[in-house]
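A short worksheet on the structure shown next.
The values are calculated or read from the model by the stated rules, or taken from the named source; none is laboratory data. Remember, predicted model here, so these are calculated numbers, not experimental data. As a convention, Cβ positions derive from the backbone with ideal geometry for all residues, glycine included, and neighbour counts pool all protein chains shown. For the accessible areas, the whole protein counts, side chains as well, though only heavy atoms, and no ligand, DNA or RNA atoms are used. Shrake-Rupley method; radii C 1.70, N 1.55, O 1.52, S 1.80 Å.
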Amino acid sequence: MASITENNTKSIKVDGMTCINCAINVENAVKKAGIQNAHVNFASKELIYEDEQKISLAAIELAIKGAGYSILKENTKSSWLQNLLITFSFLVAAYFILAMFLKHGTLPLEIDLVLAALSLGIAFYKFGKGAFYSLKSGSANMYVLILLGATTAFCFSIYLILSGQGQHLYFETTAVLVALVLIGDIIEEKAIQKTISAFSSLAEKKVSKAKRLKEGQLEEVSINALKVGDKVQANLGDEIHAEGKVIEGTALLSEAIISGEALPIQKEIGASVIAGSQVIEGNLVYEVRKSPLFSTKAMIHKLVQEASGKKADVQKLADRISAFFVPLIIAVAVLSFLINYFGFNTGLEQALIRSVAILVISCPCAMGLATPIAIFVGLGKMTKYGILIKNANVFENFAEIDQIIFDKTGTLTTGKFKIANYQSYKLDDAQTKAIILALESRSSHPIASSIIEELKNIKAAPLRNIVEEMGKGMQGHDEANNLYQFGSASYTQQDTIMADLFLCKNGELIASLDLEDTLKSGVKESMDYFQKKKIAPLVLSGDKKEKCKQLAANLEVEVIGELRPEDKLAKIESLATGSKAMLGDGVNDAPSLSLVNVGISFVDASNLAVESSDVILMNPDFASVKRAHQIAQQVYQTIQQNLFWAFAYNLIAIPLAAFGYINPMLAAFFMIFSDLVVVGNAFYLKIREIEK
């Protein structure tokens, strides 16, 4: 079935994919059908695409079927026939293994032949379709190697019987090889699903009905039917379905699945509630303030799906290698046979068996799984801690940074300023404060929000033509066309009085004030963490140099002050080459966030800052930035380890098979083991601890 997000991104579960080459085949098939922006995530068996051409699901399903695969229907279960065939194959393999250790009591040769033939038939039934379509598409998959190896062993055994050389046959190689691959597929599939379960925990939390209050009566309606202004009842155990505000009752809510915050939060009348949080004590009624389609939970679904649907650069390299891997292995197996038979005179039997071992032991699956499964687990781990990323390259880019830049106001600090040392000149305080309130009410800067909160009991002056100069200040006119400017000393051209902000009327100073702000908890610890990792923190601020010097002394980092937005951009551009990240929250930070390798913002930052960021922190705890970097490093390390194992395994295993140190049955075991190592390493990533 297809699922849809509001940005027209769709996903389809695909059945029948067994290795990364299968994923490439499906991807190419749907692109030929007209969908250009498509990606198949092999780890999740999911096709993710943007439906810009409005191509029907039936057309996409036809393209997938044409490639030899199918759309996975909901609640699809293994048929009794498939289970019977797998069980039979396992029993036949067990018989042949037992027979290898018994000198007497085995079945007649004819029975062995029939059993081996049935095992080979099961192999073609299970793997033949995928192998055929992969060859048809010009991109051979792992099952081409398996079928070649099993068929070669069986046919060679028939040849030995017909030529009267039947003292040692290889029917057991065919049977055991097929059984091991079938069992390995089952184990690998279950291991992958268990490993990526954290990623899908949010998506699995589905509730289809909401308790809406209408004219005093309670009615159950679809979540998507909720509209802004609706009143919804939430009782113990219920999920909050949309962003809203509490209008009745008191309750403890868990926001862990959204923000990663473990402690429950008390919600009373007037408090905001987030979609996806759950009532764990009490009950309340909330008024819907945002459609469920555009809630925080919906945004998480959208971003997680988009991130999983984009290939990391390192994955693209693995895909390119996998595309020619199978033909290369077949060529190596043929070359090995020729060298062993004609060059080393090992005999036909040994030369052929060594080539079979090469076909069996070589598998592109480990390479194909190495990156996507690590990214999948990493996305789940990030989501668990309330961290969202927009594309898979963030893991590598963030892990490799050598410098991290911070905006000061509202990012390092609480952003909740208090007015201090307020002075009015020529006009009284009430008049100047009314003018300041009128100007600041048109700004979204954190300082403006704090000033508005401080002056909320004052009526704003009637000003017009109010304009904001980003990062500098505000200006407007009254009915008499007097010009009022409010901002920094440089913006208002004031240098006679020491203060943070100035209000001028027609260029003449009429008020000044200072602002007091405090650092967020965890800032110093995060700075120490990055310095310990040899990552240089740098704070860029529009504050006066005196305040910045004090901050630099407290945090023991470099702080540069009195910077306008364009100055910040220029400073970032002038920094030495390397990978950089930036954490910012305001509208004026958006250009800088777009310029660095990794832009980071808190979810409550300005919309423009969030849109410009690669990483979004759902939890207001400043330590989230440190956690995000640790997880990115863990994911990137896992990808590197997986790829190293996948390449090193093939580089070591193929020569060993070519020189006869590994027989085909051991080769099948090692091939499955190589896949499980990659999956197991991803599982370790899932449980690997991070510094809180």
The correct count of residues that are outside any strand (DSSP E or B) and surrounded by fewer than 12 Cβ atoms within 10 Å (Cβ to Cβ) in the stretch 208-223 is 3
Scanning the stretch 647-661 residue by residue, those on the phi > 0 side of the Ramachandran plot and either assigned to a helix (DSSP H, G or I) or open to solvent by 60 Å² or more (accessible area, probe 1.4 Å) (or both) turn out to be none
Taking the stretch 25-41 as the search range and keeping residues that are at pLDDT below 80 and open to solvent by 30 Å² or more (accessible area, probe 1.4 Å), which one is nearest to the chain's Cα centre (by Cα)?
37
Go through (1) surrounded by 18 or more Cβ atoms within 10 Å (Cβ to Cβ); (2) of a type in the set (Phe, Trp, Tyr); (3) at pLDDT 90 or above and name the single condition residue 602 misses.
(3)
Across the stretch 521-546, what is the number of residues that are surrounded by fewer than 19 Cβ atoms within 10 Å (Cβ to Cβ), touching a residue at least 40 places away in the same chain (Cβ under 8 Å) and among the charged types (D, E, K, R)?
4
Out of all the residues in the stretch 42-64, is one or more acidic (Asp, Glu), at pLDDT 70 or above, open to solvent by less than 70 Å² (accessible area, probe 1.4 Å) and in contact with a Lys or Arg (Cβ under 8 Å, 6 or more places away or on another chain)?
yes
Here the residues within the stretch 376-394 that are more than 23 Å from residue 255 (Cβ to Cβ), open to solvent by 10 Å² or more (accessible area, probe 1.4 Å) and not in a loop (DSSP other than H, G, I, E, B) are 393
Note on the stretch 53-68: residues touching a helix residue (DSSP H, G or I) at 6+ places or on another chain (Cβ under 7 Å) and more than 14 Å from residue 136 (Cα to Cα) are 60
Scanning the stretch 587-596 for residues that are buried (at least 17 other Cβ atoms within 10 Å of the Cβ) and either in contact with a helix residue (DSSP H, G or I) (Cβ under 6 Å, 6 or more places away or on another chain) or charged (D, E, K, R) (or both) gives 587, 588, 589, 590, 591, 592, 593
Among the numbered criteria (1) open to solvent by 40 Å² or more (accessible area, probe 1.4 Å); (2) assigned to a loop (DSSP other than H, G, I, E, B), which one does residue 669 miss?
(2)
Output the helices (runs of 4 or more DSSP H) that fall wholly within the stretch 552-646 and possess 2 or more residues being polar (S, T, N, Q), or say none.
590-595, 607-612
Provide a single number: the residues in the stretch 555-565 that are of a type outside the set (Val, Ile, Thr) and more than 20 Å from residue 500 (Cα to Cα).
3
Within the stretch 362-372, identify whether any single residue is at pLDDT below 90, aliphatic (A, V, I, L, M) and open to solvent by 40 Å² or more (accessible area, probe 1.4 Å), and answer yes or no.
no
